[in-house]
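Bear in mind that the values in this text are calculations on the coordinates, not laboratory data. These numbers were taken from a predicted model, which means no experiment stands behind them. Note: ideal-geometry Cβ built from the backbone for every residue, glycine included; neighbour counts use all protein chains shown.
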Amino acid sequence: MDKSERALACFKNFNCSQSVFSTFAEDFHIDRTTALKLASGFGGGMACAETCGAVTGAYLVIGMKHGHAVPDPEAKAATKAHIRGFNSRFAEIHGSLLCRELLGVNISTPEGQQLARARDVFNRLCPRFIETACKLLEDEF
């Protein structure tokens, strides 16, 4: 089972950010429980239909791979370059990084949640974003 498939299986029980990050966490010796907790607040566009959770989950992965833990302007710039590259490729494929634009509904409101369920966007659209995030990350590694 590849990482996209594992992330999609995870998405049956967890949010989009958790699904992406936890799938790659083992590559960085982060246990699944910790990964799920770290990414839990980023689903649903950070709970306010902003940046897609699959994207923020990917940011966590990129940070683990390329981030810095001591002051290092070059490493900081390199991490930002990786994020910008990911953003560009994801937006080229899907047209946006924003949850509300990707889903066509603002899921941060009760009305938006209801409309999202009626349109089945979590099953129809979100898996595409998770799969893209995973594939882009796999291409980078």
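Run down the lysines and flag those whose C-alpha is under 20 Å from the C-alpha of LYS37, throwing out any fewer than 8 positions away in its chain.
LYS3, LYS12, LYS65
Below 12 angstrom from the Cβ of LEU38, what's the summed charge of the other residues (Lys, Arg +1; Asp, Glu -1)?
Residues near LEU38 contribute +1 overall.
Quick one: net charge of LEU103's neighbours, Cβ under 10 Å, K/R +1, D/E -1?
Once positives and negatives cancel, what remains is +2.
How far is the Cα center of the stretch 42-63 from the Cα center of the stretch 66-141, in Å?
Between the Cα centres of the stretch 42-63 and the stretch 66-141 lies a distance of 6 Å.
Taking Rh as the Kirkwood radius computed over C-alpha pairs, what is the Stokes-Einstein D of the chain at 20 °C in a medium of viscosity 1.002 mPa s, expressed in µm² per second? Numbers along the way, then the final one.
On the way: Rh = 15.1 Å.
Here the translational diffusion coefficient equals 142 µm²/s.
So for the pair ILE83, THR109, with labels modelled 7 Å out along Cα→Cβ, what separation do we get in nm?
Those two pseudo-labels are separated by 2.9 nm.
In units of 2.2 N^0.38 Å, what is the alpha-carbon radius of gyration of the stretch 1-55?
Its radius of gyration relative to the 2.2 N^0.38 Å reference: 1.04.
Under the rule of at least 5 residues apart or a separate chain, name every residue whose amide H is placed under 5 Å from the amide H of LEU98.
CYS52
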